[in-house]
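Data block below; observations after.
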Number of protein chains: 2
Amino acid sequence: MKTRDKILLSSLELFNEQGERNVTTNHIAAYLAISPGNLYYHFRNKSDIIYEIFQEYEKLVDYYLDIPENRPLNLDDMTFYLESVFDGLWSYRFLHRDLENLLDRDQRLRNDYREFTDRCLAAISRIFEKLAEGGVLEPQPDTLRAAMSLNVWLIVTNWMAFLKTAHGEKASACLTLRELKQGIYQVLTLEIPYVTPVYREQVLELREKYRPTMPEQEGEREVSVG
Amino acid sequence: MKTRDKILLSSLELFNEQGERNVTTNHIAAYLAISPGNLYYHFRNKSDIIYEIFQEYEKLVDYYLDIPENRPLNLDDMTFYLESVFDGLWSYRFLHRDLENLLDRDQRLRNDYREFTDRCLAAISRIFEKLAEGGVLEPQPDTLRAAMSLNVWLIVTNWMAFLKTAHGEKASACLTLRELKQGIYQVLTLEIPYVTPVYREQVLELREKYRPTMPEQEGEREVSVG
DNA sequence: GACTCCCTAGAGTATATACTCTAATAATAC
DNA sequence: GTATTATTAGAGTATATACTCTAGGGAGTC
């Protein structure tokens, strides 16, 4: 693998594990056993590394959120979207951790992220619309659907932060993809009232699959996640 | 005012405006026109300042979220809770910005925050319960109510972050309390399906008050907030 | 061999940041 | 007044971090 790609890959890995703030360019170089000079030969600065990783993330999510125009959506589609989005979040989880600081430091990123958000919100809304076409959800007026989509976005993008802050320990390491996907339970909770009677049972069943299992057997404490 | 209190006050102000990461102890001292030595005479380190500010925040929110046990809750109560909570968020908004890093750097804060979250979630759930008693909301099973409360928490605590990232410009400064309170619109959106028919109209009316006004007259772009 | 181009090493730098140390000054107690 | 304590100034430090600069190796081409 090319050094440049190694840098991107390792940066992502380190950022995800330790947070961007705690990973310096020198750390990345040391981790790869290359010199700082080498790293800076491939990237002008740290921001450029982050920006490039963000672009990968953007591509991935855009790919996931591609919505077929020729047919309505069903429950399987919804499951796929939810699973995919949380997979993406997991793979690039550092981005949503220190987002505000990242955006403050890089205007390109700020603009791109804003547009990215808009695209995602539009996609979520469109998914709701097509789920209604497919008879899974009750149809809703545009404004309500938009507000709901925004709520979904808020839950999806911040579920991980909640998990990390709700943990007692450092939590950076001990978070799992499985836990993350309990966010799907939360999203489905939001949707329940809008599910058509025909699909109600199925959705509730699907939701159960993501129900948080009380994690700590020590009986110490439980996050009251329902 | 005592120097110690001035430090706390100015720190809060600077943290809110520029983010904790961007405000050094030297900045705080310079802002107050005191020496670094003086600052460190009053506080052992930066973490202690943050921790003390957090404790104020905790007290404030705990005070707001005190729930009368002798009567059910009505719509005015709900409005009060929402308004108060967003006021509190506004006053201490830096805390929710870089929370993960703050918690990583201070174990006390981590523990306290975890308990704080639990208390808030319990309070939200209790409010829903009492709103049901008051006939405002339909009663819900415990698990659903818990999951809903968590969704409310996610929306409330992350609405500001969304606003900041959705803005095109640096946004640190140009965010207003008024905009922040559009978060109430989002929370009420979540509650709509559970409002009893008797109160439906009133809640929708209340919600309208917080509807985001399309902000930029330049016709440039609009955050699709419904 | 010499030239070029891509890549790499590694010492080095400017700046920042959290924090320390000493000495002096103001406030208070006796 | 004097002793004691609380407060303050301000220079200074250790460490970190993002980044630079120079020198050179290796591979391909002529």
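Against the empirical 2.2 N^0.38 Å scaling, what ratio does the C-alpha Rg of region B:1-43 come to? All intermediate terms of the calculation are to be shown ahead of the outcome.
Details: Rg = 9.4 Å, N = 43, 2.2 N^0.38 = 9.2 Å.
Its radius of gyration relative to the 2.2 N^0.38 Å reference: 1.03.
Tell me the volume per residue, in Å³, of the convex hull enclosing the alpha carbons of the protein assembly as shown. Each step should come with its number before you reach the end.
Values: hull volume 80.2 nm³, N = 452.
Spread over its residues, the Cα hull of the protein assembly as shown gives 177 Å³ apiece.
Just add up the charged neighbours of B:Ile155: K/R +1, D/E -1, any other residue whose Cβ is under 14 Å from the Cβ of B:Ile155. Please report the intermediate quantities before stating the final value.
Numbers: positive: B:Lys181, B:Arg207; negative: B:Glu191.
With Lys, Arg at +1 and Asp, Glu at -1, the neighbours total +1.
Please calculate how many Å² of accessible area region B:45-209 carries per residue, with a 1.4 Å probe and no DNA, RNA or ligand atoms counted. Display every interim value, and only then the final one.
Numbers: 6300 Å² over 165 residues.
In whole numbers, region B:45-209 has 38 Å² accessible per residue.
List for region B:1-44: residues with 40 Å² or greater reduction in accessible area, all protein chains versus chain alone, probe 1.4 Å?
B:Arg21
For chains B and A, what's the summed buried accessible area, probe 1.4 Å, to the nearest 100 square angstrom?
Details: alone 12410 and 12420 Å², together 19900 Å².
Buried area between the two chains comes out at roughly 4900 Å².
Give me the percent of the accessible area of the protein assembly as shown that comes from carbon and sulfur atoms, probe 1.4 Å, all protein chains in place.
In the protein assembly as shown, the share of accessible area belonging to carbon and sulfur is 52 percent.
Would you mind checking B:Lys2/B:Lys46; A:Lys6/A:Lys59; A:Lys164/B:Lys181 for any pair whose Cα atoms are more than 22 angstrom apart? Working shown, then result.
Working: B:Lys2/B:Lys46 18 Å; A:Lys6/A:Lys59 19 Å; A:Lys164/B:Lys181 26 Å.
Beyond 22 Å: A:Lys164/B:Lys181.
Please work out the C-alpha center-to-center distance from region A:15-51 to region B:136-175 and express it in whole Å.
34
Could you tell me the calculated FRET efficiency between A:Ser84 and B:Gln140, based on Cβ-Cβ distance and R0 = 45 angstrom, to the nearest 0.05?
Details: r = 30 Å, r/R0 = 0.67.
It comes to 0.90.
Using Cα-Cα distances under 8 Å and only pairs 6 or more residues apart, what relative contact order does chain B have, in percent? Working shown, then result.
Numbers: 182 pairs, mean separation 40.6, N = 226.
About 18 percent, as a whole number.
Could you pull the copy-to-copy label distances for A:Gln55, with points set 7 Å along Cα to Cβ, in nm to one decimal and sorted shortest first?
Those label-point separations list as 4.9 nm.
I need the semi-axes of the equivalent ellipsoid of chain B: take the C-alpha gyration tensor, multiply each eigenvalue by 5, square-root it, list largest first in whole angstrom. It would help to have the intermediate numbers written out before the result.
On the way: eigenvalues 242, 101, 39 Å².
Taking √(5λ) for each eigenvalue gives 35, 22, 14 Å, largest first.
If you place +1 on the Cβ of every Lys and Arg and -1 on the Cβ of every Asp and Glu, how big does the dipole about the Cα centre of the protein assembly as shown come out, in debye to the nearest 20? Provide the component values of the computation, followed by the final result.
Numbers: 54 positive and 72 negative charges, 233 e Å.
In total the dipole reaches around 1120 debye.
The values are calculated or read from the model by the stated rules, or taken from the named source; none is laboratory data. Everything numeric here is computed off the predicted structure, so don't read it as measured data. A quick note on method: Cβ atoms are made from the backbone with ideal geometry, for glycine too, and the neighbour counts reach across all protein chains shown. Each accessible area value is taken on the protein alone, full model and side chains, heavy atoms only, with ligands, DNA and RNA left out. Shrake-Rupley method; radii C 1.70, N 1.55, O 1.52, S 1.80 Å.
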